[in-house]
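Every read-out reported here was derived from the displayed coordinates using simple, explicitly stated rules and does not represent laboratory data. Keep in mind that this is a model prediction, so the values were computed, not measured. Glycine also receives a Cβ, built like all others from the backbone with ideal geometry; neighbour counts cover every protein chain displayed.
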Amino acid sequence: MPNPWDVGSARLLESLGFRALATTSAGLAWSLGLPDAQVTRDQTIEHLRQIAEAVSVPVNADFTDGYAVDPTGVAANVTLAAATGIAGLSIEDSSGDDAHPLYDFELAVERVAAARQAIDESGTGIVLTGRSEGFVCGRPDIDETIRRLRAYADAGADCLYAPRIDDLDHVSAIVAAVSPKPVNLLINSPFTTVAAAAQLGVRRISVGGTLARTAWDGVLSAAREIADQGTFSRFERLPDVEALFAD
């Protein structure tokens, strides 16, 4: 389930045969010239609508923390997101507060439960992913991560996700802990393969902003060469992008 960052990249990935896609809040932010945390709820809602309308495969939404702290606000925002045509969304427990980077356990669970209720009331049947961010925000505690993921599953999450975990023993432990509910694995470095992850019981893989970063890497490398050396060596063996979108 790779992560496009705009309509063009979404259509490209669909054309390559991927059966589902997921948005990336970071990739969206960079396309707007912003850091990840500065993208607003309304910008995200419009982005979700554009991506969902652009492709025929299911689209999962990176909905960060639901763009609200309290469960009521999360529910209201999930209701808005559910109306965009997406097939799923994730709610994470990262608070953005450096002193307390994860929402308190009870509040985090209530937020997932509120998202569940909003989805049920919307009648859309979209997939809810409960996401724990300890390994992203400097709290890499596998036991606490598992405790949270289990609680999110009990609160109604359909899929569980703890990004930035690249220890395969940890992956196996999460899969076992939340079974039979499926686990999403973030692969943002070559620490495993699709086949190996499947053998561990992983049911879904996403890449976050990493495809967007590879695109930015190409642009930065070529632009820096022009700026620093006045040469254009990277303008060779480039893809025929026009042909990718030809009817």
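To check my understanding: the extent here is largest minus smallest coordinate of the Cα atoms along each principal axis. What are those three numbers for the chain, in Å, largest first?
57, 38, 36
Could you pull out the longest piece of the chain with no exposed loop chymotrypsin sites (Phe, Trp or Tyr not before Pro) in it, calling a site exposed if DSSP puts it outside H, G, I, E, B and it has at most 14 other Cβ atoms within 10 Å?
Value returned for the longest uninterrupted segment is 1-190.
Using only alpha-carbon positions, what ratio does the radius of gyration of the range 99-201 give when scaled by 2.2 N^0.38 Å? Before the final figure, lay out each step's value.
Numbers: Rg = 13.8 Å, N = 103, 2.2 N^0.38 = 12.8 Å.
In units of the 2.2 N^0.38 Å rule of thumb, it is 1.08.
Compute the angle between helix 105-122 and the longest alpha-carbon principal axis of the chain, please, reported from 0 to 90 degrees and rounded to the nearest 10.
80 degrees
So, in Å, what gap is there between the alpha-carbon centers of the range 78-93 and the range 1-45?
After rounding, the separation between the Cα centres reads 14 Å.
Cut-off is 10 Å between beta-carbons; in what order do Leu48, Leu186 appear when sorted fewest neighbours first? Working shown, then result.
Details: Leu48 25, Leu186 20.
Taking fewest neighbouring Cβ atoms as first place, the list is Leu186, Leu48.
Please list, in order, the residues from the range 20-55 whose amide nitrogen is less than 15 Å from a point placed 7 Å along the Cα→Cβ vector of Trp216.
Zone members listed by number: 24-39.
Grab the Cα-Cα distance for Glu106 and Ala196, subtract it from 0.36 nm times how many residues apart they are, and report the gain in nm with one decimal. Kindly include the intermediate steps, with their values, before the conclusion.
Values: separation 90, 0.36 × 90 = 32.40 nm, distance 3.44 nm.
Using 0.36 nm per residue and subtracting the Cα-Cα distance, I get 29.0 nm.
With the crude spin-label approximation of a point 7 Å out along Cα→Cβ, what separation in nm comes out for Ala83 versus Leu244?
Label-label distance for Ala83 and Leu244, simple model: 3.3 nm.
Modelled label-to-label distance, Arg237 and Ala68, 7 Å Cα→beta-carbon offset: nm?
5.2 nm
Give, in whole angstrom and from largest to smallest, the semi-axes √(5λ) of the equivalent ellipsoid of the range 1-133, with λ running over the eigenvalues of the Cα gyration tensor.
On the way: eigenvalues 116, 60, 29 Å².
Equivalent ellipsoid semi-axes, largest first: 24, 17, 12 Å.
Distance from the Cα centre of the range 143-175 to that of the range 191-243, in angstrom?
The range 143-175 and the range 191-243 have Cα centres separated by 28 Å.
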